[in-house]
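Asker: So that we are looking at the same thing, I have put the structure below in structure tokens.
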Amino acid sequence: MVKINFRKITFFLLICFILIILHYFSWLSPVEDKIVSWVSFPVNKVYSKVVSWKRGYNNISSIQVNLDDLEKIKEEKNSLLVENAKLQSYKFENEKLRKYLNFLEDVEYDYVMAGVISKGYSINPNEEISTILINKGEKHGIKKGLLVVDSEGVVVGKIEETNNLTSKVSLLTHSNCQLAATVQNSEETYGIVEGDLGLTIKMGFIPQDKEIAQGNLVVTSGLEENIPRGYVLGEVVLVERSSNQMWQDAVIEPLVDLKDLTLVSVLVP
Amino acid sequence: MTTKLRINRIYLRILFNFILITLVFLIHLSFIRAFDSWFGYLNLSLIFLIFVLEINGLTWSLGWILGLGFFFDIFYFLPFGYFLLTFFIVVLISHILLVRVFTNRSLYSYLGLVFVGTIVYEVVLNLLIYLLTFYSSSRIFFLFIKDFWNELGQELIVNWLATFIFFYIFSFFNKRFNAVFIKK
């Protein structure tokens, strides 16, 4: 018969029970906050270092100068510069017209920068890489549902849960991350963007009569609370259309590599 | 040895274990979880927990559960107590196996306990997570998801490799482990 020291185990379970009660009554919050604040900085540094090593290794192993690709990129860059210049002038005109017509002022958004400290746990095994933990929380004005972008302003996900000093972010490829979005085609098609199996993003409920093409940019539509309009999510890589269905789906590829994030910004209204 | 000296030694041992628990947790949270591929599946905390159980017995491993479980519960967004409970069940089952089945401190017993411990850890934790969302969503039970078994297999292999390496490093400096091959 296996001898189990029931006294030790009972004592241990009692301590666990007390810890759980103290946590749920928030009496352990000062201790937890202290631990998180001490640990966050070194953890973020180590995590960022590892990700930069990974990036460096991947870059070295995939260096192949392809002159044709380089030419295409140069052409694309030039046309983007021209388009950007036009958009800047439209923006200026838009602001002037809004002032003349006394439109209500747009809500101003602040950026709260946060470092990634780890990857989260997820219910579906293949979605574990689609959640990250950041070192900012409710104390910094972050709440559930806010948009998270990378250093270039490209959308990476949404805040799913918050603690006092940390938050969990569902990346775009996570099934919990749903965003109201617009396809930048000739008709500005609206739809809902959702992560698919931790691998890709799909936009569903697009009416069959809307023309969507590969390469169309997808941006936030601004129809959701606390999520501004115009932030880029990705581009359409595949359109799934069937003649006997009411809707068509678009598969979207994110513009940023979601596996190598070390620094993100949260848009706080 | 005087009582005072003995108490001082116990305090020093507790402090040393606390520092080690913190280091193991930090390495697990930041260094290992940053990797996407095979190395990212390494469960360093579990390996150390079972190691402490083998070397120092149940009491010290319960202390490690309190430390590691507390850290995991405050950082990960799961209900508080999930990791405490999971680690406790793993250690309890490992303790029973260690006393009843793997009765010596050889590499085989360590590997066997790590094998069983890894499976128990993943099943218990995923079951607790599944129960959390049982009523709110219609998710497939995790045991029927192919990716769960793929990742469990990878985790078992990586944990075993780490156990090998760790066993030989420790055996080099300390003779508390038995030989690899059991002598008749």
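The values are calculated or read from the model by the stated rules, or taken from the named source; none is laboratory data. Just so we're clear, the structure is a prediction, and the values are computed from it rather than from any experiment. Please note: Cβ atoms are built from the backbone with ideal geometry, for glycine as well, and neighbour counts cover all protein chains shown. Surface areas here come from the heavy atoms of the whole protein model, side chains and all, with no ligands, DNA or RNA. Shrake-Rupley method; radii C 1.70, N 1.55, O 1.52, S 1.80 Å.
Asker: May I ask you to derive the FRET efficiency for A:Met113 and B:Phe115 from their Cβ-Cβ distance with R0 = 35 Å, giving the value to the nearest 0.05?
Answerer: Once rounded, the FRET efficiency stands at 0.20.
Asker: A further question follows. Which whole number gives the average, over all residues in A:16-25, of C-beta atoms from other chains lying within 10 Å of the residue C-beta?
Answerer: Across A:16-25, the average partner-chain Cβ count within 10 Å equals 4.
Asker: Which whole number gives the average, over all residues in A:36-46, of C-beta atoms from other chains lying within 10 Å of the residue C-beta?
Answerer: Shielding by partners across A:36-46 averages 3.
Asker: In square angstrom and rounded to 100, what buried accessible area do you get between chains A and B, total over both, with the probe at 1.4 Å?
Answerer: 4200 Å²
Asker: Hydropathy first: keep DSSP H helices in chain B averaging at least -0.5 on Kyte-Doolittle, then drop any whose Cα extent along the axis falls short of 18 Å, and list what survives.
Answerer: Both cut-offs are met by B:3-26, B:58-75, B:82-100, B:107-132, B:146-173.
Asker: Sticking with this one: Taking beta carbons within 10 Å but only from partner chains, what does the mean come to for residues B:109-119?
Answerer: Counting other chains' Cβ atoms within 10 Å and averaging over B:109-119 gives 0.
Asker: Still on this structure, please answer the following. Running a GNM on chain B with Cα contacts under 10 Å, which residue among B:Leu53, B:Leu132, B:Leu113 ends up with the highest mean-square fluctuation?
Answerer: Of B:Leu53, B:Leu132, B:Leu113, the Gaussian network model singles out B:Leu132 as fluctuating most.
Asker: Taking a ≥ b ≥ c as the square roots of the Cα gyration tensor eigenvalues, with a/c under 1.5 meaning rounded and otherwise prolate when a/b beats b/c, else oblate, which class fits the range B:4-108?
Answerer: Judged from the Cα gyration tensor, the range B:4-108 comes out oblate (a/c at least 1.5, b/c at or above a/b).
Asker: Still on this structure, I have one more. Using only the Cα atoms, work out Rg/Rh for the range A:188-258, with Rh taken as the Kirkwood radius, to two decimals.
Answerer: On the Cα set of the range A:188-258, Rg over Rh gives 0.96.
Asker: With everything on Cα atoms, drop me the angle between helix A:67-100 and the longest principal axis of chain A, reported from 0 to 90° to the nearest 10.
Answerer: Around 90 degrees separate the two axes.
Asker: A follow-up question, please. Work out how far the C-alpha atoms of the range B:97-160 reach from end to end along every principal axis, then list the three figures in whole Å, largest first.
Answerer: 46, 23, 13
Asker: Quick one: what do you get for chain A if you divide its Cα Rg by 2.2 N^0.38 Å?
Answerer: Against the compact-globule rule of thumb, the ratio is 1.25.
Asker: Grab the Cα-Cα distance for A:Ile73 and A:Lys139, subtract it from 0.36 nm times how many residues apart they are, and report the gain in nm with one decimal.
Answerer: Going from the current span to full extension adds 19.5 nm.
Asker: Dipole of chain B (Lys/Arg Cβ +1, Asp/Glu Cβ -1, origin at the Cα centre): which of B:Leu98, B:Ile129, B:Leu111 lies farthest to the positive side?
Answerer: Farthest along the dipole direction, towards plus: B:Leu98.
Asker: Let me make sure I get this right: for the protein assembly as shown, a, b and c are the square roots of the gyration tensor eigenvalues over alpha carbons, sorted descending. Under 1.5 in a/c it's rounded, otherwise prolate if a/b > b/c, else oblate. Which is it?
Answerer: prolate
Asker: Hey, any idea what % of the range A:128-269's accessible area is carbon plus sulfur with a 1.4 Å probe?
Answerer: 48 percent
Asker: A further question follows. With an 8 Å cut-off on Cα pairs and a minimum separation of 6 or more residues, tell me the relative contact order of chain A in percent.
Answerer: Averaging sequence separation for qualifying contacts and normalising by length gives 17 percent for chain A.
Asker: Given N residues in the range B:75-124, what is Rg(Cα) / (2.2 N^0.38 Å)?
Answerer: Dividing the Cα Rg of the range B:75-124 by 2.2 N^0.38 Å gives 1.28.
Asker: log10 I(q)/I(0), Debye, Cα-only the range A:141-225, no solvent, q = 0.11, 0.18 Å⁻¹?
Answerer: -0.32, -0.80
Asker: Tell me the per residue accessible area of the protein assembly as shown using a 1.4 Å probe; a whole number in Å² is fine.
Answerer: 57 Å²
Asker: For the range A:181-229, rounded, prolate or oblate, judged on the Cα gyration tensor with a ≥ b ≥ c (square roots of eigenvalues), a/c < 1.5 rounded, else prolate if a/b > b/c?
Answerer: The shape class here is oblate.
Asker: Given contacts defined as C-alpha pairs under 8 Å and at least six residues apart, what's the relative contact order of chain B, whole-number percent?
Answerer: Result for chain B is 24 percent.
Asker: Using only the alpha-carbon atoms, what does the range B:30-184 span along each of its principal axes? Please give whole angstrom values in decreasing order.
Answerer: Principal extents (largest minus smallest coordinate, Cα): 55, 31, 31 Å.
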